[in-house]
Amino acid sequence: MSLRPVISPRASPALWFAPLVFLLILYAWWSILSGTFPDPYLTAYVAHADDGLGYGLPIAAGGAAWAARRARRSVVGRWAAVIRSPLRIFWAHTWPLFASVGLAVLVTVVIEIARLAPGPGVPNLWLLVTYLGMATVAIGGGWLIGLIMPLPISLPLAIFAAFEWVTYPLLDGANVSWRNIAGYDLFTCCDAVNLQPDPRALIAPLIVALGILGAIWLAARLTWLLAAATSVGALGAAVVLSLIVATGTNAYGGELRPAAALNCIDSAPTVCLFPEQLDTEDGARIAKTVHTAAAIGITHGVPLPDEIDARNANSRSDSAALPVDLLSGMSSEQVIASLATSLYESNRCRSSVEVRSTLGRDVVVPYVLAQELGGSKYGVVPSISFQQGETPGAAITNLTPKQIVEKLGVSSAAQRQAILNQWKQSQANCMKGKRN
Amino acid sequence: MTLRFRRISFAYKHSRPVFEELNLTIDAFPAVILGPNGAGKSTLLSLLCGQLEPESGAVVVDGVSEHTKRAVRTLRRRTGWLPQEVKALPGFTTRQQVAYAGWLKGMGYKNAWANALDALRRVDLEASINRPSGSLSGGQRRRLGVAQALVVNPQYLVLDEPYAGLDPEQRSVMRGTLQDLSDSCQIVTSTHQTDDLEDIYRWVVILESGHVHFSGSTQDFYVYALPETPSSLKAELAYRNVLKERRAGTPA
């Protein structure tokens, strides 16, 4: 294979734009995300690169428009009865832009690894395929604009159109999940270790990319009017299909990871965490906290299941395993508060515990459970009050932990035991009622 | 080799038809297509090299019809094409432009790069291989176009007005080039130049308004000139007489 490029550097606008695209992606990524600290999770690091693409790809679209204008002379004009595929010609003229995008993504991931040190586990590499699709949409879109319009119009228009695609003004007020057809919201999909990119959010931009490639192929193959009609048709159909696929995704294109991704520590109770947490100091500390809390809880009569899982896509209230938010970096108090809250919420029966506190049973009972699991008097309060904050009203967020504990009115061991017994009894009655 | 245009119909968008059920056979090469402006010469050559596709009918080369996409592709690959206007690609050297033309024709770029040097040698542009193609003179650019057509080692060479815009000296160089090439490829050209007909071409076609007024060997064509006509004027006179007779309704 010859190393000589088909388009020489002197004649390649794509090559001239490539360094700018590379630097812009890195600059935007670093400016926005250098202050964020996701879980030590490779998928999160790969997802973060997405944020830089929103700024680099519009410039790549401009470079593609210029390259297309130059290629047009040889491709569209009656120059040489061409038989080379339109997609090969597109690639020959624009590969430096794709290369710079790929290199920039790689550099962001390497810097993120060096900065944050990931836990074990394999990242979700489908993100990279989606980035390729997003690059294809921007660069291919710029190419199409460059083929049909003169340079003074096509260059700014390609940049503007690609930037509009990033910022979705046409979708303002529409279903927020539709924004995932562009792919630029994926950067926050997976900051927590129990999240992964939603496959629908990964596929939606790829469908648009296929539509763009189809439009490029059709534009060069048919007579002008037919080419225009079929190209617009192919692109329109791809966008509609992409919108259908994206419907139902959340605003950041993420979802909970499946239970199959969990690895368990065989002990009593069994604690299951994600691979990035296991075999790390942080994961070992979380597992140890859960074990200790469980041991204390059992002595106090707290009913605990045999298995405690980090919350995942398969978590259900009726499953044998208790799903708990066990995220990297949580303090011991946060882990205990999370365990108590999950225990309270996991039961399908509405608690009928009567409490005298104005904060209500949805705060009192989790607090009592946290205390019985070994949580400190004030240390668990911020996590409990945060998680249950909406139930008693906004007033709770303005109180100090000490003031909240005073309002809870369960300072003595006897009071806590009474609440716990009431709760257990109400759950037993409820379950009995359901069985009957 | 035989070349047949069988019941070809073609029209540009929003224009009256250029050809309606055109039938034409060319049995000997090099062949030249003569005719006034607007006769359909360039359109006929574009149909021949697969640049345009007929609305109906077929171009049949050596008994193989170019009906199918595959046949068109094969024909394009085997055909070198010199359009009327040869554009320089900005930023390309002469050799890069010729190699790029070969690559667009489906060659691997390594082969195209090697062939480009050979093609430029054949049109006497070897000294300009590293010059920007945009810096070539009009005559050199015509020869660059021929090199682009030659880079694929074509079986057929289709040249649309190869002498257009050339001064007498450049025409002479181009004529020599065509004579050399006629040994290795089957050449079909269109031109308004008739002074070199006898030296180069073995078949003559005369087109006017999409109709074939004459198609035959060069010897048969010269029958339309008076025997005593000086040889330098014979072709011009024969051409005029064919057009005159056809316009008067006499069969050629």
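Tell me, please, whether a residue that is in contact with a strand residue (DSSP E or B) (Cβ under 8 Å, 6 or more places away or on another chain) and open to solvent by less than 20 Å² (accessible area, probe 1.4 Å) can be found in the range A:75-86.
yes
Residue by residue through the range A:257-274, note down the ones that are among the charged types (D, E, K, R) and crowded, with 20+ Cβ neighbours inside 10 Å.
A:ARG257
Go through (1) at pLDDT 85 or above; (2) not in a loop (DSSP other than H, G, I, E, B) and name the single condition A:PRO303 misses.
Unmet for A:PRO303, out of (1) at pLDDT 85 or above; (2) not in a loop (DSSP other than H, G, I, E, B): (2).
When you check A:TRP95 against the structure, is it away from chain B (no Cβ under 14 Å) and aromatic (Phe, Trp, Tyr), yes or no?
Spelling it out, it is not the case that A:TRP95 is away from chain B (no Cβ under 14 Å) and aromatic (Phe, Trp, Tyr).
Among the listed residues B:ARG171, B:ARG131, which satisfies the condition of being modelled with pLDDT of 90 or more and over 24 Å from B:LEU75 (Cα atoms)?
Testing whether each residue is modelled with pLDDT of 90 or more and over 24 Å from B:LEU75 (Cα atoms) leaves just B:ARG131.
Yes or no: B:GLU169 more than 29 Å from B:LYS110 (Cβ to Cβ), charged (D, E, K, R), open to solvent by less than 60 Å² (accessible area, probe 1.4 Å) and touching a helix residue (DSSP H, G or I) at 6+ places or on another chain (Cβ under 9 Å)?
The answer is no for B:GLU169.
Quick grid of which residues meet (1) out of contact with any Ser or Thr (no Cβ under 6 Å at 6 or more places or on another chain); (2) surrounded by fewer than 23 Cβ atoms within 10 Å (Cβ to Cβ); (3) within 20 Å of A:ILE419 (Cβ to Cβ):
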residue: A:GLU307; (1), (2), (3): no, yes, no
residue: A:ALA310; (1), (2), (3): yes, no, no
residue: A:ALA313; (1), (2), (3): yes, yes, no
residue: A:ALA320; (1), (2), (3): yes, yes, no
residue: A:ASP325; (1), (2), (3): no, yes, no
residue: A:SER332; (1), (2), (3): no, yes, no
residue: A:ALA337; (1), (2), (3): no, no, yes
residue: A:ALA340; (1), (2), (3): yes, no, yes
residue: A:LEU343; (1), (2), (3): yes, no, yes
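Would you mention how many residues in the range B:87-96 are surrounded by fewer than 21 Cβ atoms within 10 Å (Cβ to Cβ) and more than 8 Å from every other protein chain (Cβ to nearest Cβ)?
Qualifying residue count for the region: 1.
Would you check if A:ALA47 is within 26 Å of B:VAL98 (Cβ to Cβ) and assigned to a helix (DSSP H, G or I)?
It is false that A:ALA47 is within 26 Å of B:VAL98 (Cβ to Cβ) and assigned to a helix (DSSP H, G or I).
Here's a check for you: in the range B:33-81, which residue that is among the charged types (D, E, K, R) and outside any loop (DSSP other than H, G, I, E, B) is modelled with the lowest pLDDT?
B:LYS69
Could you tell me which numbered condition B:VAL158 fails, if it satisfies all but one of (1) at pLDDT 90 or above; (2) buried (at least 24 other Cβ atoms within 10 Å of the Cβ); (3) within 13 Å of B:THR94 (Cα to Cα)?
The failed condition is (3).
Taking the range B:122-134 on its own, how many of its residues are away from chain A (no Cβ under 14 Å), open to solvent by 10 Å² or more (accessible area, probe 1.4 Å) and assigned to a loop (DSSP other than H, G, I, E, B)?
Adding up the residues that qualify gives 1.
Scan the range A:316-323 and tell me whether some residue there is of a type in the set (Ser, Thr, Tyr) and at pLDDT below 85.
Yes, the range A:316-323 contains a residue that is of a type in the set (Ser, Thr, Tyr) and at pLDDT below 85.
Scan B:GLY50, B:GLY108 and give me the residue that is open to solvent by 20 Å² or more (accessible area, probe 1.4 Å), facing chain A (nearest Cβ under 9 Å) and farther than 16 Å from B:VAL205 by Cβ.
B:GLY108
Can you name the condition, by its number, that B:VAL152 falls short on among (1) in contact (Cβ under 8 Å) with a residue 12 or more places away in the chain; (2) over 21 Å from B:LEU47 (Cα atoms)?
(2)
Given the structure, is A:GLY54 under 30 Å from A:ARG115 (Cβ atoms), in a helix (DSSP H, G or I), modelled with pLDDT under 95 and not β-branched (Val, Ile, Thr)?
For A:GLY54, the condition - under 30 Å from A:ARG115 (Cβ atoms), in a helix (DSSP H, G or I), modelled with pLDDT under 95 and not β-branched (Val, Ile, Thr) - is met.
Anything in the range B:149-196 that is in a helix (DSSP H, G or I) and under 14 Å from the mean Cα position of the chain (by Cα)? List them, or say none.
Matches in the range B:149-196: B:ALA149, B:LEU150, B:MET174, B:ARG175, B:THR177, B:LEU178, B:GLN179, B:LEU181.
Kindly list the number of the only condition in (1) more than 25 Å from the chain's Cα centre (by Cα); (2) more than 13 Å from chain B (Cβ to nearest Cβ) that fails for A:ALA67.
Checking A:ALA67 against (1) more than 25 Å from the chain's Cα centre (by Cα); (2) more than 13 Å from chain B (Cβ to nearest Cβ), the one that fails is (2).
In the range B:189-207, what count of residues is obtained for those that are open to solvent by 10 Å² or more (accessible area, probe 1.4 Å) and either in contact with a Leu (Cβ under 7 Å, 6 or more places away or on another chain) or at pLDDT below 85 (or both)?
So the answer is 6.
Regarding the range B:174-193, can at least one residue be identified that is on the phi < 0 side of the Ramachandran plot and touching a Gly at 6+ places or on another chain (Cβ under 6 Å)?
no
Looking for whichever is at positive phi and touching a helix residue (DSSP H, G or I) at 6+ places or on another chain (Cβ under 8 Å) here; the options are A:GLY146, A:GLY183, A:GLY173, A:GLY141. Which one fits?
Going through A:GLY146, A:GLY183, A:GLY173, A:GLY141 in turn, just one is at positive phi and touching a helix residue (DSSP H, G or I) at 6+ places or on another chain (Cβ under 8 Å): A:GLY183.
Quick grid of which residues meet (1) more than 11 Å from chain A (Cβ to nearest Cβ); (2) surrounded by fewer than 24 Cβ atoms within 10 Å (Cβ to Cβ); (3) within 29 Å of B:TYR201 (Cα to Cα):
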site: B:LEU120; (1), (2), (3): yes, no, yes
site: B:LEU136; (1), (2), (3): yes, yes, yes
site: B:ARG142; (1), (2), (3): yes, no, yes
site: B:ALA149; (1), (2), (3): no, no, yes
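Return the residues of the range B:126-155 that are under 17 Å from B:PRO30 (Cα atoms) and touching a Leu at 6+ places or on another chain (Cβ under 8 Å); say none if nothing qualifies.
Within the range B:126-155, B:VAL146, B:ALA149, B:LEU150 qualify.
Which residue pairs have Cβ atoms closer than 9 Å, lie 6 or more positions apart in sequence or on different chains, and pair a first residue in the range B:227-246 that is open to solvent by 90 Å² or more (accessible area, probe 1.4 Å) with a second residue that is modelled with pLDDT under 80 and β-branched (Val, Ile, Thr)?
So the pair list comes out as B:LYS244/B:THR250.
What's the total number of residues in the range A:195-207 that are touching a Leu at 6+ places or on another chain (Cβ under 8 Å) and more than 15 Å from A:GLY248 (Cα to Cα)?
3
Does B:GLN84 qualify as being within 14 Å of chain A (Cβ to nearest Cβ), in a loop (DSSP other than H, G, I, E, B), under 30 Å from B:SER135 (Cβ atoms) and among the polar types (S, T, N, Q)?
When the stated conditions are applied, B:GLN84 passes them.
Looking at the range A:281-300, I want the residues that are touching a residue at least 12 places away in the same chain (Cβ under 8 Å) and have a partner that is open to solvent by less than 60 Å² (accessible area, probe 1.4 Å) and among the polar types (S, T, N, Q) with Cβ atoms under 6 Å, at least 6 apart or on another chain. Which pairs are those?
Final answer for the pair search is A:ASP282/A:SER328; A:GLY283/A:GLN277; A:THR289/A:SER332.
Any idea which of B:ALA114, B:ALA71, B:ALA58 is open to solvent by less than 40 Å² (accessible area, probe 1.4 Å), without any contact (Cβ under 8 Å) to a residue 12 or more places away in the chain, more than 18 Å from the chain's Cα centre (by Cα) and more than 9 Å from chain A (Cβ to nearest Cβ)?
B:ALA71
The values are calculated or read from the model by the stated rules, or taken from the named source; none is laboratory data. Computed from a predicted model, the values in this text were never measured in an experiment. Neighbour counts are summed over all protein chains in view; Cβ atoms, including those assigned to glycine, are modelled from backbone coordinates with ideal geometry. Keep in mind that these areas ignore ligands, DNA and RNA; they rest on the heavy atoms of the full protein, side chains included. Shrake-Rupley method; radii C 1.70, N 1.55, O 1.52, S 1.80 Å.
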